[in-house]
Every structure is written in C-alpha cells, then in structure tokens.
Amino acid sequence: MIVREIQPGEGERWDAYVCKNPFSAPRHLYGWKSVMEEVFKSKTHYLLAEENGNITGVLPLISISSLVAGKYITSLPGGMCADDDGTAGELLEHAKAFVRAGNFRYLILRDSRIKWDLTDLTTDEEHVSFAIEIPSDLDLVKRAMKRQTRQHVNQASNNCLKAIYGLEKLSEYYPIYSKAMREFGNPTLGVKFFRSIANHIPGWADLITLYHEGEIVGGVIVAPYKQTVYGIWSGLLQQHYALQTPAFMFWEMINYAHRNGYQCVDMGRCRVNSGGYKFKKGFGGLVQPLYQQFYLNGINRPPSVGEEMKEDLKYRIFVAVWNKVPLGLTEVLGPQIRKRMPFG
C-alpha cells in the first residue's frame, strides 16, 4: 500500500472513490481543496491510499495556526474515508507524521460517521445528527413528530411564512445570514466563501430562503449529496423566532428533499442533550453518531468542539464582544477569524 498526497489532475479519481464510499460526506469532495485554498489561503494536505493502482482511502486535511488554539491539523467535516481499518491506520500514521514534523498540538478527525479503533486516538462521542427518512407521503413525517414540534410547524404555515429555493437569492439572503451570525457571536464565513463553493463545486449547494410578508427572515444553505440533503449553514434572525422560523426551516428542508426526490434529510451536528439536540429530536429522526477523534501531540486534553466551546470563558467573552461589533466590520474581520477556526 502507498500513502501520498494527491497530485494535480487526480481530482476526478478522488471524487469517484468518495462517491462510492458509503460513509463519505459532502465535504469529502475534492473541490473543497480549492475552496479552502482560495478563500482562506489554507495549507491543504489531501492524503490518499493506493493499492494495485486503486484508491482505497482518502483523508482531506488542512493545517491551521491560531493565536487562541495554537497550531493544529484538522480534517474537513466527515473525517477519513477508508475501505478498512488497515487502510485507515496507514492514513492516520501519515497524518500523525505531519503533526510531529510540524510541531502541531493535535490532529482532529472531525464529524466522522465511523469510530476508528486506531492507536493513539482519543474519541469524543458527545455529538450526533438526526436523519429523517423521506416517505412519499409527508403526513407520515408529521405524525412521527412530537406534538409540540408538529404544532410549531403548523403555526409557521399559519403565520404566512414562505420559502423560495435557489442560490440566485444568495445576494439578498447573505446580509441576513451575516446579521444572524453576529447575533449568535459567530464570525461570518464571508460571501466570497459561498461564491467560491458555487464556482469550484457546481451543484454542491442550494439555498432555501425564508420570507414573511415579502421580507427575508432567514434561510439555510443545504448540500444535496447522494440521496441525502444536508443542512450545512443556517441563519435565522432572533426577532422572528415567534413566527416559528426554526421549525419552518427544518420543515422546508424536508419539503425540499421530498420535491427533489431525495431519501433523507440530515439535520446537522448538535451536542447530546443540548437545546439544539432536544429541538431536533422533536422531528422524530434517527440518531446518527458523529465522532470527533484526536491525536494529541504534547497536550493532555482534547480541545472543545462545537457547542462545548460555549463553556469556555474566553469563548464567552469573545461572543459578548462580537455581538457589539458593527456589522460592516464583522464582514472584514469574520473571514479572517474563520480562517483559523473554519469548522467550529
């Protein structure tokens, strides 16, 4: 077996392998290498394993240097794709060599659908997603919901919320997304990021824009991949929550999947027993574990991921300050910050 970095011109081979691997995720696709390099000037390390001329595993990595988190290497969300534990082990050994050679603090395999049982890996099992199967009759989905969730979906319809599908609304939606990110204390990715996705991975993303009486109140960028629609980035203004916009957004993801012939909706990562977990659970989906696996190099404790970061004092101080930053300035600073923490 050979493990090496991908060479120019091999993107189609990479994607062909990813698309046939049953545990691959939308951000395993090769086009993401160009997006991260173009928008954030990321240093990428796209590893592939080969045997007898055939790709048997891939691991897309980027190296990051942050004043807060230090130097580390992260996979793109989805972690590692491999045919078996042996291939995964070889990919991991090469990734660990990168960590040691560059004196990085840790490696994280992010949001993996597989819990790899490999030497030196520490595993966080506190995150999941919910998968909703899409039947031909959407009334079956509603019946599977908890009563309160079903009421919220119905209230949203009674409140005259509407949805329009299509990335052509990105320029109109993006200022709302940016404002919503500031409300939550999250740096925005920048509109250039979303345009780069459309350029380098055509058809990868779509947009569901939510309206109330002709005004945009929120939306979500989804990634239709294989037979599943993944909810990736959402932005909902808090002032409109009383209209039940969160419930309506997820219901429209379900509608989108149904209308376009997809079999499942993935509702996105949340921490077990968090508010997001309890809300998503109300839709009646199946729990899908998402593993965060770490190789630690000279540190004793894995870093916080996702909602766990809210427990960190430095993070809470950052959120309090970010909420007060003028919106125009967040557009300048946000992408620079996200360059050093692209996936949360």
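The table below lists the values:
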{"quantity": "Computed FRET value (nearest 0.05) for PHE98 with CYS19, which takes r as the C-beta separation and R₀ as 35 Å", "calculated": "0.85"}
{"quantity": "Relative contact order (%) - segment 12-61, alpha-carbon pairs under 8 angstrom, separation at least six", "calculated": "33"}
{"quantity": "Per principal axis, descending, Cα span of segment 55-168 in whole Å", "calculated": "59, 36, 31"}
{"quantity": "Calculated from backbone phi, Karplus (6.51, -1.76, 1.60) coupling profile of segment 157-168 in Hz, x at Gly/Pro", "calculated": "5, 5, 7, 6, 6, 10, 10, 10, 9, x, 5, 5"}
{"quantity": "Non-local Lys pairs in segment 129-289, i.e. 8 or more apart or on different chains, that have alpha carbons under 20 Å apart", "calculated": "10"}
{"quantity": "Cut-off under 5 Å, modelled amide H: who pairs with SER66 long-range", "calculated": "LYS71, TYR72"}
{"quantity": "Residue exposure sequence - TRP116, TRP14 - by fewest surrounding Cβ within 10 Å", "calculated": "TRP116, TRP14"}
{"quantity": "Simple label model, 7 Å out from Cα along Cβ direction - LEU138 to VAL319, nm", "calculated": "3.2"}
{"quantity": "Dimensions in Å of segment 2-120 - Rg and Dmax from alpha carbons", "calculated": "13.5, 43"}
{"quantity": "All-pairs alpha carbon distance profile, segment 104-189, 5 Å steps from 0, percent", "calculated": "2, 8, 10, 10, 15, 18, 16, 10, 7, 3, 1"}
{"quantity": "Per-pair calculated FRET efficiency, R0 = 25 Å: GLU37 and VAL332 via Cβ, rounded to 0.05", "calculated": "0.75"}
{"quantity": "The chain - percent relative contact order, Cα under 8 Å, separation 6 or more", "calculated": "23"}
{"quantity": "Stretch gain in nm, segment ILE2-THR44, where the contour uses 0.36 nm per residue and the Cα spacing is subtracted", "calculated": "13.2 nm"}
{"quantity": "Cα principal axis extents for segment 129-289, largest first, Å", "calculated": "40, 35, 30"}
{"quantity": "Table column - 3J(HN,Hα) (Hz), segment 176-187, Karplus curve with 6.51, -1.76, 1.60, x for Gly and Pro", "calculated": "5, 4, 4, 5, 5, 4, 5, 4, 8, x, 9, x"}
{"quantity": "Set of lysines with alpha-carbon distance to LYS71 below 19 Å, sequence-local pairs under 8 removed", "calculated": "LYS41, LYS43, LYS96, LYS314, LYS339"}
{"quantity": "Relative contact order (%) - segment 112-207, alpha-carbon pairs under 8 angstrom, separation at least six", "calculated": "21"}
{"quantity": "Shape of segment 138-179, Cα gyration tensor, a/c cut at 1.5", "calculated": "prolate"}
{"quantity": "Student exercise, the chain dipole from Lys, Arg, Asp, Glu Cβ charges, in Debye to nearest 20", "calculated": "1100"}
{"quantity": "Extension gain (nm, one decimal) between LYS179 and VAL287, 0.36 nm per residue minus Cα-Cα", "calculated": "35.8 nm"}
{"quantity": "From the C-alpha gyration tensor of segment 218-344, square roots of 5λ in Å", "calculated": "28, 21, 15"}
{"quantity": "Whole-number D in µm²/s for the chain (Stokes-Einstein; Kirkwood sum over Cα pairs; 37 °C, 0.692 mPa s)", "calculated": "157"}
{"quantity": "Integer Hz, Karplus 6.51/-1.76/1.60 couplings in order for segment 210-222, x for Gly and Pro", "calculated": "9, 10, 9, 6, x, 9, 6, 10, x, x, 8, 8, 10"}
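No lab work stands behind these numbers, since they all come straight from the coordinates. These numbers were taken from a predicted model, which means no experiment stands behind them. In this analysis, Cβ positions are derived from the backbone assuming ideal geometry, glycine residues included, and neighbour counts consider all displayed protein chains.
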